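What follows is one structure encoded as C-alpha coordinates, with my remarks underneath.
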Amino acid sequence: MAKFTTREIRDIIISMLVIAGVFSYVFSNKQINIAISLLPVSIIAVGIGFVFHEIAHKFMAIRYGFWAEYKLWMAGILLALITAYFGFVFAAPGAVYIHGAYISREENGKIALAGPSTNIILAILFLLLASYTPSILVTLGSAVNSFIAFFNLIPFSVLDGAKIIRWNPIVWILAMLTALALTFESFFIL
(Lines give C-alpha, C1' and ligand atoms only; values in the text may rest on other atoms or scores of the structure.)
Protein backbone atom coordinates (compact mmCIF):
# COMPACT_ATOMS: atom_id res chain seq x y z
CA MET A 1 0.00 0.00 0.00
CA ALA A 2 1.40 3.37 -1.01
CA LYS A 3 1.55 5.97 1.72
CA PHE A 4 2.17 9.66 1.19
CA THR A 5 3.71 11.80 3.92
CA THR A 6 2.46 15.33 4.55
CA ARG A 7 5.81 16.66 3.36
CA GLU A 8 5.63 14.59 0.19
CA ILE A 9 2.14 15.88 -0.64
CA ARG A 10 3.30 19.46 0.00
CA ASP A 11 6.38 18.96 -2.22
CA ILE A 12 4.29 17.48 -5.05
CA ILE A 13 1.80 20.36 -4.92
CA ILE A 14 4.53 23.03 -4.90
CA SER A 15 6.35 21.32 -7.78
CA MET A 16 3.15 20.92 -9.77
CA LEU A 17 2.19 24.58 -9.35
CA VAL A 18 5.66 25.80 -10.34
CA ILE A 19 5.79 23.56 -13.41
CA ALA A 20 2.27 24.60 -14.44
CA GLY A 21 3.23 28.25 -14.04
CA VAL A 22 6.45 27.82 -16.01
CA PHE A 23 4.71 26.10 -18.92
CA SER A 24 1.91 28.71 -18.89
CA TYR A 25 4.48 31.49 -19.04
CA VAL A 26 6.48 29.92 -21.88
CA PHE A 27 3.41 28.92 -23.92
CA SER A 28 2.06 32.48 -23.55
CA ASN A 29 5.25 33.87 -25.12
CA LYS A 30 6.13 35.42 -21.75
CA GLN A 31 2.96 37.52 -21.59
CA ILE A 32 1.86 37.56 -17.95
CA ASN A 33 -1.84 38.25 -18.59
CA ILE A 34 -2.08 35.34 -21.04
CA ALA A 35 0.00 33.13 -18.72
CA ILE A 36 -2.43 33.82 -15.87
CA SER A 37 -5.40 32.91 -18.07
CA LEU A 38 -3.61 29.69 -19.15
CA LEU A 39 -2.75 28.72 -15.57
CA PRO A 40 -5.95 26.77 -14.71
CA VAL A 41 -5.69 24.73 -17.91
CA SER A 42 -1.97 24.25 -17.34
CA ILE A 43 -2.53 23.05 -13.78
CA ILE A 44 -4.80 20.31 -15.16
CA ALA A 45 -2.75 19.36 -18.25
CA VAL A 46 0.70 19.74 -16.71
CA GLY A 47 -0.38 18.66 -13.24
CA ILE A 48 -1.79 15.38 -14.47
CA GLY A 49 1.39 14.61 -16.39
CA PHE A 50 3.77 15.61 -13.62
CA VAL A 51 1.90 13.98 -10.73
CA PHE A 52 1.19 10.74 -12.59
CA HIS A 53 4.83 10.58 -13.76
CA GLU A 54 6.14 10.80 -10.19
CA ILE A 55 3.48 8.50 -8.74
CA ALA A 56 4.31 5.91 -11.42
CA HIS A 57 7.93 5.89 -10.21
CA LYS A 58 6.78 5.58 -6.60
CA PHE A 59 4.29 2.76 -7.26
CA MET A 60 6.78 0.78 -9.36
CA ALA A 61 9.42 1.11 -6.63
CA ILE A 62 6.91 -0.01 -4.00
CA ARG A 63 5.98 -2.95 -6.24
CA TYR A 64 9.60 -4.09 -5.98
CA GLY A 65 9.51 -3.71 -2.21
CA PHE A 66 11.39 -0.43 -1.89
CA TRP A 67 10.54 2.64 0.12
CA ALA A 68 9.90 5.62 -2.19
CA GLU A 69 9.10 9.27 -1.52
CA TYR A 70 8.91 12.37 -3.69
CA LYS A 71 11.13 15.22 -2.50
CA LEU A 72 11.29 18.78 -3.74
CA TRP A 73 14.61 20.00 -5.11
CA MET A 74 14.84 23.76 -4.59
CA ALA A 75 17.67 24.21 -7.10
CA GLY A 76 15.47 22.49 -9.71
CA ILE A 77 12.59 24.86 -8.92
CA LEU A 78 14.89 27.87 -9.34
CA LEU A 79 16.30 26.46 -12.59
CA ALA A 80 12.77 26.04 -13.96
CA LEU A 81 11.93 29.65 -13.10
CA ILE A 82 15.17 31.00 -14.58
CA THR A 83 14.90 29.03 -17.84
CA ALA A 84 11.25 30.09 -18.22
CA TYR A 85 12.37 33.71 -18.02
CA PHE A 86 14.53 33.02 -21.09
CA GLY A 87 11.61 31.35 -22.93
CA PHE A 88 12.21 27.62 -22.52
CA VAL A 89 11.49 24.98 -19.92
CA PHE A 90 14.09 22.98 -18.05
CA ALA A 91 12.11 21.58 -15.16
CA ALA A 92 13.50 19.17 -12.61
CA PRO A 93 11.69 20.30 -9.45
CA GLY A 94 12.26 17.11 -7.52
CA ALA A 95 12.40 13.36 -7.73
CA VAL A 96 11.17 10.16 -6.16
CA TYR A 97 13.91 8.96 -3.85
CA ILE A 98 14.12 5.19 -3.54
CA HIS A 99 15.69 3.25 -0.70
CA GLY A 100 16.23 -0.44 -0.31
CA ALA A 101 18.86 -3.06 0.34
CA TYR A 102 19.89 -3.46 -3.30
CA ILE A 103 18.26 -2.12 -6.44
CA SER A 104 19.26 -4.11 -9.50
CA ARG A 105 19.89 -2.48 -12.87
CA GLU A 106 16.69 -4.05 -14.21
CA GLU A 107 14.58 -2.85 -11.27
CA ASN A 108 16.07 0.63 -11.49
CA GLY A 109 15.48 0.69 -15.27
CA LYS A 110 11.85 -0.38 -14.93
CA ILE A 111 11.22 2.10 -12.12
CA ALA A 112 12.72 4.83 -14.32
CA LEU A 113 10.67 3.74 -17.36
CA ALA A 114 7.39 3.94 -15.42
CA GLY A 115 7.39 7.76 -15.41
CA PRO A 116 8.01 8.48 -19.12
CA SER A 117 5.72 5.58 -20.11
CA THR A 118 2.93 7.23 -18.16
CA ASN A 119 3.54 10.50 -20.02
CA ILE A 120 3.60 8.69 -23.38
CA ILE A 121 0.22 7.11 -22.60
CA LEU A 122 -1.20 10.47 -21.48
CA ALA A 123 0.16 12.22 -24.60
CA ILE A 124 -1.52 9.62 -26.82
CA LEU A 125 -4.81 10.01 -24.93
CA PHE A 126 -4.65 13.81 -25.23
CA LEU A 127 -3.83 13.53 -28.97
CA LEU A 128 -6.82 11.25 -29.47
CA LEU A 129 -9.02 13.73 -27.62
CA ALA A 130 -7.60 16.56 -29.75
CA SER A 131 -8.88 14.90 -32.91
CA TYR A 132 -12.42 14.77 -31.46
CA THR A 133 -12.63 17.88 -29.30
CA PRO A 134 -9.81 20.31 -30.00
CA SER A 135 -9.20 22.64 -27.07
CA ILE A 136 -6.37 24.38 -25.28
CA LEU A 137 -6.51 21.70 -22.55
CA VAL A 138 -6.00 18.72 -24.87
CA THR A 139 -3.44 20.55 -27.01
CA LEU A 140 -1.41 21.58 -23.99
CA GLY A 141 -1.87 18.13 -22.43
CA SER A 142 -0.46 16.34 -25.48
CA ALA A 143 2.42 18.79 -25.92
CA VAL A 144 3.48 18.84 -22.28
CA ASN A 145 3.18 15.10 -21.68
CA SER A 146 5.10 14.19 -24.82
CA PHE A 147 7.78 16.75 -23.89
CA ILE A 148 8.02 15.48 -20.29
CA ALA A 149 8.49 11.94 -21.62
CA PHE A 150 11.11 13.07 -24.17
CA PHE A 151 13.00 15.24 -21.68
CA ASN A 152 13.10 12.51 -19.01
CA LEU A 153 14.33 9.96 -21.55
CA ILE A 154 17.48 11.95 -22.32
CA PRO A 155 20.28 9.62 -21.15
CA PHE A 156 21.97 12.18 -18.96
CA SER A 157 23.07 11.92 -15.33
CA VAL A 158 20.10 11.43 -13.01
CA LEU A 159 17.36 11.57 -15.66
CA ASP A 160 15.28 8.46 -16.32
CA GLY A 161 16.90 7.86 -19.70
CA ALA A 162 20.34 7.16 -18.18
CA LYS A 163 18.88 4.45 -15.92
CA ILE A 164 16.83 2.90 -18.74
CA ILE A 165 19.71 2.81 -21.24
CA ARG A 166 21.98 1.12 -18.65
CA TRP A 167 19.32 -1.53 -18.16
CA ASN A 168 18.12 -2.07 -21.74
CA PRO A 169 19.24 0.12 -24.67
CA ILE A 170 16.58 -1.37 -26.99
CA VAL A 171 13.76 -0.41 -24.61
CA TRP A 172 15.29 3.05 -24.29
CA ILE A 173 15.46 3.50 -28.10
CA LEU A 174 11.84 2.45 -28.53
CA ALA A 175 10.65 4.72 -25.72
CA MET A 176 12.75 7.66 -26.98
CA LEU A 177 11.56 7.30 -30.59
CA THR A 178 7.95 7.14 -29.41
CA ALA A 179 8.36 10.21 -27.19
CA LEU A 180 10.16 12.09 -29.97
CA ALA A 181 7.44 11.30 -32.53
CA LEU A 182 4.72 12.34 -30.07
CA THR A 183 6.58 15.55 -29.25
CA PHE A 184 6.81 16.51 -32.94
CA GLU A 185 3.16 15.60 -33.50
CA SER A 186 1.99 17.48 -30.40
CA PHE A 187 3.93 20.64 -31.12
CA PHE A 188 2.79 20.50 -34.76
CA ILE A 189 -0.84 20.91 -33.60
CA LEU A 190 0.01 23.85 -31.31
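Under a point spin-label approximation (7 Å from Cα along Cα-to-Cβ), what is the Leu177-Tyr132 distance to one decimal in nm?
According to this spin-label approximation, the distance is 2.9 nm.
At 1.4 Å probe size, with no ligands or nucleic acids counted, give the accessible surface of Glu54 in Å², nearest ten.
Estimated to the nearest 10 Å², Glu54 gives 20 Å².
Quick one: accessible area per residue over the chain, 1.4 Å probe, rounded to a whole number of Å²? Intermediate results must be reported in sequence, preceding the final value.
On the way: 9910 Å² over 190 residues.
Averaged over the residues of the chain, the accessible area is 52 Å².
Which entries in the list Lys3/Lys163; Lys58/Lys163; Lys3/Lys58 go over 18 Å, if you measure between the two C-alpha atoms of each?
Numbers: Lys3/Lys163 25 Å; Lys58/Lys163 15 Å; Lys3/Lys58 10 Å.
Checking Cα-Cα distances, Lys3/Lys163 exceed 18 Å.
Would you work out what percent of the accessible area of segment 1-105, with all protein chains in place, is carbon or sulfur (probe 1.4 Å)? The partial results should precede the final answer.
Working: 4060 of 5810 Å².
After summing per-atom areas, the C and S share lands at 70 percent.
Quick one: Karplus J couplings for segment 28-38, per residue in order, coefficients 6.51, -1.76, 1.60, θ = phi - 60°, nearest Hz, x for Gly and Pro?
Values per residue, Gly and Pro as x: 8, 6, 6, 9, 3, 4, 6, 4, 5, 6, 7 Hz.
Heavy atoms only, probe 1.4 Å: what % of the accessible area of segment 110-169 goes to carbon and sulfur, would you let me know?
Values: 1910 of 2540 Å².
Of the solvent-accessible surface of segment 110-169, carbon and sulfur hold 75 percent.
Against the longest principal axis of the chain, how steep is helix 169-188, in degrees 0 to 90 to the nearest 10, with axes from Cα atoms?
For helix 169-188, the angle is close to 10 degrees.
Calculated from DSSP H runs of 4 or more alone, at -39500 (n - 2.57) each and per residue, what is the 222 nm mean residue ellipticity of the chain, nearest 500?
Numbers: 7 runs with 139 residues, N = 190.
It lands at -25000 deg cm²/dmol.
For Lys110, what accessible area in Å² do you get when you roll a 1.4 Å probe over the heavy atoms of the protein chains, rounding to the nearest 10?
Counting only protein heavy atoms, the figure is 60 Å².
The values are calculated or read from the model by the stated rules, or taken from the named source; none is laboratory data. Bear in mind that the values here come from a model prediction, so they are computed numbers and not experimental data. Positions of Cβ are backbone-derived with ideal geometry, glycine not excepted, and every protein chain shown enters the neighbour counts. The protein model used for the area step is the full one, side chains on, heavy atoms only, and it has no ligands, DNA or RNA in it. Shrake-Rupley method; radii C 1.70, N 1.55, O 1.52, S 1.80 Å.
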